[in-house]
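Here the structure is laid out as structure tokens; the discussion comes afterwards.
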């Protein structure tokens, strides 16, 4: 293969990589992985800012389960916002491994929420409830 035949292809590949990095927002430091909000023994609530600007919210209990996949956007160099949620909430890292949502997703007074690292799952049965896990799920163990 001559040099002349591979140069345009290489230039095209480099341009595609550059345009992808320019137009696809990246997550700031501290936003990797799942985060959970402690809402009591009857709810397991987790969120994740995934690649491709996908915001994942999992809110599990034995009733009123919620699984949302929306879009997130960069809000400055250190924050992310989920414009399709009420508020909309702006998420920042507290520098200690937690995320802070302002306003919070589950506050009625516009207050902030602190989301700690790690996912939470839920088991529905007499002895079940919230437990730590790698990927949020809900299991119904029956009566």
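By definition, a body whose alpha carbon gyration tensor gives a ≥ b ≥ c is prolate when a/c is 1.5 or more and a/b is larger than b/c, and the stretch 34-140 fits this prolate description.
A simple spin-label model places the labels of residue 125 and residue 107 3.8 nm from each other, with each point 7 Å out along Cα-to-Cβ.
Tell me, what is the FRET efficiency for residue 42 and residue 78 to the nearest 0.05, using R0 = 30 angstrom and their Cβ-Cβ distance as r? The partial results should precede the final answer.
On the way: r = 34 Å, r/R0 = 1.12.
The formula returns an efficiency of 0.35 here.
The label-point distance for residue 50 and residue 132, in a model that sets each label 7 Å from Cα toward Cβ, rounds to 2.4 nm.
Since every read-out is calculated from the coordinates, none of them should be taken as a lab result. As the structure is a computational prediction, the values presented were derived from the model and not from experiment. Don't worry about glycine lacking a Cβ; one is built from the backbone with ideal geometry, like all the others, and counts go over all protein chains shown.
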